[in-house]
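Coordinate-derived values only; no laboratory data. As the structure is a computational prediction, the values presented were derived from the model and not from experiment. Cβ coordinates were reconstructed from backbone atoms using ideal geometry, including for glycine residues, and neighbour counts include every protein chain displayed.
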Amino acid sequence: MVEISELNDDLIGHILKRVSDPGGRKRFSQVCKQWLKVEGLTRTSLNLLRLSFLRQKLNLSRLRNVSDRSMVFVAENCPNLKFLDLSGTRVTGAGIRAFSGHMCLESFVLRSCYAFSWRDVKHMVLGCPVIEVFRPD
């Protein structure tokens, strides 16, 4: 018999792929810290319909379905956003340029993102008057 603590992240991820119900995924993530971590790593989307929970910090790193369209939505609807992490996402220059002119953005992280040009970054950074930290790969 295998102890639950002996299951590695890959095996837990394969088990989680079979759980499609959001309530089931939530219950799955409440089993232990390791399962919570794996559930977070395998999440493929984020529901942004309720923006009240977005205060000043948004970490979308490693989410597979972050699109330019969702970044335009965030830029237009989160005026108080100060920190944004898009590391490992597939956002392109259009998604990055959406934040040009954002008045509160102070920190922007783009590690392991490759679908943009430095012109896009320059456009965004020059348009953000209070940006202090920019972390590309």
key: Integer Hz, Karplus 6.51/-1.76/1.60 couplings in order for segment 80-97, x for Gly and Pro   = 9, 5, 10, 10, 9, 10, 10, 4, x, 8, 10, 5, 9, x, 4, x, 6, 5
ask   = Separation of segment 60-95 and segment 18-33 by C-alpha centroid, Å?
value = 25
inquiry  = Cβ neighbours within 10 Å, averaged per peptide: list 118-130, 73-85 in order, most packed at the top.
reply    = 73-85, 118-130
Rounded to 10°, Cα long-axis angle of helix 118-127 versus longest principal axis of the chain = 70
ask   = Amide H neighbours of L58 under 5 Å, counting only residues 5+ apart in sequence or on other chains, H built in-plane at 1.01 Å?
value = F83, L84, D85
Partners for K26 among aspartates and glutamates (Cα-Cα distance below 12 Å; same-chain residues under 8 apart left out) = E39
message = Can you report the principal axis dimensions of segment 78-137 using only the alpha carbons, biggest first, rounded to whole angstrom?
response = 25, 18, 18
inquiry  = Let me spell out the model: positive unit charges on the Cβ of Lys and Arg, negative unit charges on the Cβ of Asp and Glu, origin at the Cα centre of the chain. What dipole size does that give, in debye rounded to 20?
reply    = 260
Overall dimensions of the chain by Cα: Rg and Dmax, Å = 17.3, 59
message = Could you work out how much longer the chain between C104 and F73 gets when fully extended? Use 0.36 nm per residue separation minus the Cα distance between them, nm to one decimal.
response = 9.6 nm
ask   = Points 7 angstrom from Cα along the Cβ direction at R90 and R64: gap in nanometres?
value = 0.9
inquiry  = Can you return the lysines within cross-link range of K33? Criterion is Cα-Cα under 27 Å, with same-chain partners fewer than 8 residues away left out.
reply    = K17, K57
